[in-house]
Amino acid sequence: TEGASIGPHQGDLSSKRIPSLRQLMVALTSSVPAVTSAFVLMCLIIAIYSIIGVTFFKDDNTPMFGDFFSGMFTIFQVMTGDSWSDIARGLF
């Protein structure tokens, strides 16, 4: 039965991991308000640039800036770098 044992200090190892796991969870839950604020600010910036894009490019490029939500998706694509060059070529 001694060969099936993981190690003689198995109890010591788990007792050291629990406080660090608790500390990690406290840190994650305390960072939620800051992450939420950053997400709301990013959505606000995307919305403002989407309105500007719809205002300027609605007649020229309807699939990308035809309405507010397609404009938001296009701005999100440009912001993340997902085929932004195709969007830029289509506008000019």
With a 1.4 Å probe and all protein chains kept in place, how much accessible area does V26 have, in Å² rounded to the nearest 10?
90 Å²
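Please give me the summed charge of the neighbours of I51: other residues whose Cβ is under 15 Å from its Cβ, Lys and Arg +1, Asp and Glu -1.
On the way: positive: K58; negative: D67.
Taking every Cβ under 15 Å from that of I51, the sum is 0.
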Sticking with the crude label model, points 7 Å out along Cα→Cβ, report the distance from L44 to S83 in nm, one decimal please.
3.2 nm
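The values are calculated or read from the model by the stated rules, or taken from the named source; none is laboratory data. Predicted model, so just to flag it, every value in this text is computed and none were measured. Here Cβ is always computed from backbone atoms with ideal geometry, including for glycine, and neighbour counts include all displayed protein chains. To get the accessible areas, we keep the full protein, side chains included, count just its heavy atoms, and leave off ligands, DNA and RNA. Shrake-Rupley method; radii C 1.70, N 1.55, O 1.52, S 1.80 Å.
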